[in-house]
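*Asks:* This is the structure I want to talk about, given as structure tokens.
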Amino acid sequence: MEFSTEFDARLGRGDVTLAERDVELLRTVDDHGSINAAATALGRSYSRAQQRIVELEEAFGELVERTRGGAGGGGSRLTDRAERLLSRYDRLRAEFSGVVETAETALSGRVVDREGELATVETTAGTVRALVPEGGEAVRLTLRADAVTLQSPSESPDGDRTSARNRVRGTVLTVDAGESVALVTVDVGGDVSLSALVTAASVEKLNLHRGTPVVASFKATATRGVRTD
């Protein structure tokens, strides 16, 4: 099972995930007083906007209260449930953004092969594929915590079965859990610790604690390098 950390803030229930695009739709309904007007303002089709709200309501409960036309005209407004859901989303986003601003892994290494800007770099944590400007061999790589995915070693896919080709094994050092997300540091060898941002649900499902073995994976395009020579 894989729990990705590459996300804008998201809230899931069952198979339905509330993302930024859905939040924008709900808030525009609230601003314009109708689903039709909101869809027009956002440049979306009314039928698709209506369908998406129904999907969200099946997962989260009634979010939009609709009134039929009459002497005062019809319209739509958000329910108290929707307001609470949006507040929860805002808290998650703020927490996520605050952690991401400070959590970044740095790796020093040397370019051993390249294909244009995509280079193979030998680091103390192992071989890493990264985007590195041409010229020079010594580089410093940086990787944001939200670009890292943690998996159980027994369930981690082979490197050729995922777009996240960089895969390193390690053990959890710390789990700094907030209300909705957690910053996990992983010892990947060579006196290097890698930071990963995961959801609180992922901490529980992966049973993350000090000493838990994990596989950290991340895409080459999420790993940026600068020359140091």
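Yes/no matrix, rows are residues, columns are (1) out of contact with any strand residue (DSSP E or B) (no Cβ under 6 Å at 6 or more places or on another chain); (2) acidic (Asp, Glu); (3) not assigned by TED's automatic domain parsing to the domain that holds Arg88:
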{"site": "Glu122", "(1), (2), (3)": "no, yes, yes"}
{"site": "Glu134", "(1), (2), (3)": "yes, yes, yes"}
{"site": "Val186", "(1), (2), (3)": "no, no, yes"}
{"site": "Val192", "(1), (2), (3)": "yes, no, yes"}
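*Asks:* Given (1) surrounded by fewer than 13 Cβ atoms within 10 Å (Cβ to Cβ); (2) modelled with pLDDT under 75, where does Ala103 come up short, assuming only one miss?
*Replies:* (1)
*Asks:* Condition test on Gly75, is it modelled with pLDDT under 95 and either surrounded by fewer than 16 Cβ atoms within 10 Å (Cβ to Cβ) or in the same structural domain as Thr142 (by TED's automatic domain parsing) (or both)?
*Replies:* For Gly75, the condition - modelled with pLDDT under 95 and either surrounded by fewer than 16 Cβ atoms within 10 Å (Cβ to Cβ) or in the same structural domain as Thr142 (by TED's automatic domain parsing) (or both) - is not met.
*Asks:* Return the pairs, sorted by first residue and then second, in which the second residue is charged (D, E, K, R) and assigned to a helix (DSSP H, G or I), the first residue lies in segment 20-41 and is surrounded by 15 or more Cβ atoms within 10 Å (Cβ to Cβ), the beta carbons are less than 7 Å apart, and the residues are 6+ apart or on different chains.
*Replies:* Short answer, once both residue conditions are applied: Asp22/Arg52; Leu25/Arg52.
*Asks:* Show me the strands (runs of 3 or more DSSP E) found entirely inside segment 113-229 where at least 1 residues are open to solvent by 30 Å² or more (accessible area, probe 1.4 Å), at pLDDT below 90 and closer than 28 Å to Tyr89 by Cβ.
*Replies:* Filter on segment 113-229 gives 138-144, 166-177, 181-187, 193-199.
*Asks:* Out of everything in segment 42-51 that is within 16 Å of His32 (Cβ to Cβ) and assigned to a helix (DSSP H, G or I), what residue ends up being most open to solvent (accessible area, probe 1.4 Å)?
*Replies:* Tyr46
*Asks:* Count, please, the residues in segment 200-225 that happen to be at positive phi and not polar (S, T, N, Q).
*Replies:* Residues in segment 200-225 being at positive phi and not polar (S, T, N, Q): 1 in total.
The values are calculated or read from the model by the stated rules, or taken from the named source; none is laboratory data. As the structure is a computational prediction, the values presented were derived from the model and not from experiment. Here the Cβ is made from the backbone with ideal geometry for all residues, glycine too, and neighbour counts use every protein chain on show. The area values use the complete protein model at the heavy-atom level, side chains included, leaving out ligands, DNA and RNA. Shrake-Rupley method; radii C 1.70, N 1.55, O 1.52, S 1.80 Å.
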